[in-house]
Structure formats: C-alpha cells, structure tokens
Amino acid sequence: MDMQNTTNDITLSCRVRLARNILGLPFVSKLPKEKASENVNKVYNALKNFSLGGQAGGSQECNNFLLYRMSDMDLLDTKVLQEKRLISEDLALNKASGAAIIDESEQVSIMVNEEDHLRLQSFESGLDLYKAYHRLSKIDAYLGKVIGYSVSPRLGHLTSCVTNVGTGMRAGALLFLPGLGMSRTIEKTISLASNFQISIRGFFGEGSENDGYFYQISNQRTLGLTEKEILDSVTSVIAHLVQAEQSARHGIYSANQVVLKDKVLRAYGIVTNAYCLSSKELMEYLALVKLGHSLDILRLDDVKKLDKLIEECQPAQITAIGDGLYDPIERDVYRARLVAKSIKRVG
C-alpha cells in the first residue's frame, strides 16, 4: 500500500463565496420585482467593462461571462447548474428575478437575487483557497467600486442572514473522507482541529446527504475575523483532516484488509458490469473504487475520471447528455454504460 497516493484524492475542489448587498436597497426578501431585475442588468452591464486580467474593455459581450436568467431556463437547465454547484436551489426557485452570471470556464459564478443581492463564488480544483479568493477579490473590489455595497464601519458587510455579517465570506472544500466516515470520527476530528466553527455538509451542500463519503467543509464564523484569518483557519483544518484521513485509511486497511479488498473489488465489478446504475449507487460504489485505488487494492488508468463521472452522471446531466433521457430507468441504463466504458483497470 502506497500511502502517498492518498494525498492527491482527498481534497477534490475548493470554493470561496462572498455575500454582498447593494447600498441603499432593501434585502432581496423585501425588494420589488422591478428593482430586483434592475440588479441583474446593473451587475451584468458592469461586468462588460471587466476582465479577470484586470483590463477594462469596451466590447458588447460580457468578456467571458454568460448571463443565465432563471425565468428563461427550464427545470433541466437549472438542475444541471445545481449539480455543478454553480447555483443554489434557492436561486433556481426564484423565477421572478433570479439570475446567475458565470464565466465560460465555470470558475466564477455570481448569483444575483438569491438570499442576498449578490453571492460571488470562485472555484478551484484541489486545495488552493488563496488562489480562489485572489480571483474573486478582483471582481468583488471592482463591483464594490462601480455598484457600491452596504457596509457598516463597525460590523462590516451587511447581509440578510446574521451569520454572514462581517466579511460575508464562506471558504471551504469538497473532501473525500471514507476513512473518517467509516470510522465515524469526522466530527470529533474537526472539533479537535479548530477552535472556530466549521460546518459539515453533504455533496450538494446544506440539507444533502454525504453519499459516498463526500463532505463539504466550510467556516461558519464571518464576524470578527479578516479574510486572511478565515482562509488560514480553514486551510489549517483541511490539512489536519487530510492527515487524519490518511491515518484512518491505514487503520481500516490494516484491521480489515480482507473485508475491505472484497468490498472494493465487488464495487469495481458492479460499476463495470451493471446494466442499471442509480446515482446513489454510483456515489457509493465509485467511492469504494476510488478508495481502493488510493490503497493500491486496484489500479486505474486515470483516477480523475472517477471525480468527473460523479458529477457528470448526476440525473440532470445524464438527461442532458443522453439527449432527453427523462425516464429514470433509461437514465440508470445509460449511466451504467457510460461508467463501464470510462473506467479502466491497469492492475
């Protein structure tokens, strides 16, 4: 078993999110529809003169940003964006005035008229919260200058939910923690790793289950801390979790080698031979295959394909790439074929 292989597959991606409200306007829950629609146009038009390279431009296109109005999108389109974690369910439900402005690389998503006027998000693969924040801070500073934010000299950014007052920042990562999950020590490990509040959520965030031992970890406290302190603290907690996960995997493998090998190889047999495969089964079995690869129980030609499959094989995306597979059984059959074709064992 090569424990070095476990270091690169624990932190799958990270995200920094900033909650912002426009100066002089009531919060979204009290905002008239026409004013909310003006917010969308105001933000989108402002971004026409902005690029992540810092250069102002005069093109009629929004540089690399695309505008998605919830009123113009059908259920499938919004579900795809939700599965990619680019928008929230609350935004998808706001058909009256909700919108998302997303760059073509899907590294930046700005939700307009969600819980706050603006929810700015920046995504990065692996663990590089500082890079994600640096990208987002450029957009944040620009919009703050052009549009103007509601800020208190004493409290910081004012938000519709008191838990976001201050920096308005949520920094976190999507982690694959089968060792801590199987040993049921994840919450204890987090509490020992940090003195400040950390939330644990499932794959799709608040209210979702942690299918396949995928967890979203992020800060809860935003008031009384600087952005750097939040980034440092969350990064430190995640680094501790990575070490704890490596240790937990080693312990599980040593204590239950035969049982674990059997589970992994059975899971591999199912995902490569199943005729039907539900999204829940996909998460469960691919998690075991991914764990097996990290522990050298089996070797895959490209383990990153597993992470891509987990996202691309969610129901809405299967429906989209399968050219309108709305029947759940047909989706499960298509998913099984896609997964079997994508996973190749080399040892």
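The values are calculated or read from the model by the stated rules, or taken from the named source; none is laboratory data. As the structure is a computational prediction, the values presented were derived from the model and not from experiment. Quick reminder, even Gly has a Cβ in these numbers, built from the backbone with ideal geometry, and neighbours come from all protein chains shown. With ligands, DNA and RNA removed, areas are computed over all heavy atoms of the protein, side chains included. Shrake-Rupley method; radii C 1.70, N 1.55, O 1.52, S 1.80 Å.
Just wondering, is there one or more residues in region 257-273 that are surrounded by 18 or more Cβ atoms within 10 Å (Cβ to Cβ) and outside any helix (DSSP H, G or I)? There is no residue in region 257-273 that is surrounded by 18 or more Cβ atoms within 10 Å (Cβ to Cβ) and outside any helix (DSSP H, G or I).
If you filter region 326-343 down to residues that are farther than 19 Å from PRO178 by Cβ and in contact (Cβ under 8 Å) with a residue 60 or more places away in the chain, you find that the one that is most open to solvent (accessible area, probe 1.4 Å) is ALA340.
Return the residue satisfying two criteria in turn: it lies in region 308-331 and is of a type in the set (Asp, Glu) and in a loop (DSSP other than H, G, I, E, B), and of such residues it is nearest to VAL264 (Cα to Cα). Checked region 308-331; the qualifying residue nearest to VAL264 (Cα to Cα) is ASP327.
Checked against the criterion of being in contact with a strand residue (DSSP E or B) (Cβ under 7 Å, 6 or more places away or on another chain), small (Gly, Ala, Ser), buried (at least 22 other Cβ atoms within 10 Å of the Cβ) and in contact (Cβ under 8 Å) with a residue 40 or more places away in the chain, region 143-152 contains not a single residue that satisfies it. Quickly run through region 275-300 and pick out the residues that are open to solvent by 60 Å² or more (accessible area, probe 1.4 Å) and without any contact (Cβ under 8 Å) to a residue 24 or more places away in the chain. Residue satisfying the conditions is GLU281 alone. Looking across region 153-165 at every residue that is in a loop (DSSP other than H, G, I, E, B) and open to solvent by 50 Å² or more (accessible area, probe 1.4 Å), the one that is farthest from GLN197 (Cα to Cα) is identified as PRO153.
Residues checked against (1) of a type in the set (A, V, I, L, M, F, W, C); (2) at pLDDT 90 or above:
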| residue | (1), (2) |
| --- | --- |
| ILE139 | yes, yes |
| TYR142 | no, yes |
| VAL165 | yes, yes |
| LEU175 | yes, yes |
| ILE186 | yes, no |
| ILE200 | yes, no |
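Filtering region 301-325 to residues that are surrounded by fewer than 20 Cβ atoms within 10 Å (Cβ to Cβ) and closer than 21 Å to GLU245 by Cα leaves VAL303, LYS304, ASP307. Only one of the numbered conditions (1) outside any loop (DSSP other than H, G, I, E, B); (2) crowded, with 17+ Cβ neighbours inside 10 Å is not met by LEU225, and that is (1).
Pairs are defined by a Cβ separation below 7 Å, a sequence spacing of at least 6 or placement on different chains, a first member in region 258-273 that is in contact (Cβ under 8 Å) with a residue 12 or more places away in the chain and closer than 9 Å to VAL289 by Cα, and a second member that is exposed (fewer than 12 other Cβ atoms within 10 Å of the Cβ) and of a type in the set (S, T, N, Q); no pair meets this definition.
Among what's in region 332-347 and is assigned to a loop (DSSP other than H, G, I, E, B) and aliphatic (A, V, I, L, M), pick the residue that is nearest to the chain's Cα centre (by Cα). Spell out how you get there, then give the answer.
Going through region 332-347, the residues assigned to a loop (DSSP other than H, G, I, E, B) turn out to be 343-344, 346-347.
From what's left, aliphatic (A, V, I, L, M): 343, 346.
On the way: ILE343: 23, VAL346: 30 Å.
The extreme case among them is ILE343.
Counting the residues of region 276-307 that are in a loop (DSSP other than H, G, I, E, B) and among the hydrophobic types (A, V, I, L, M, F, W, C) gives 6.
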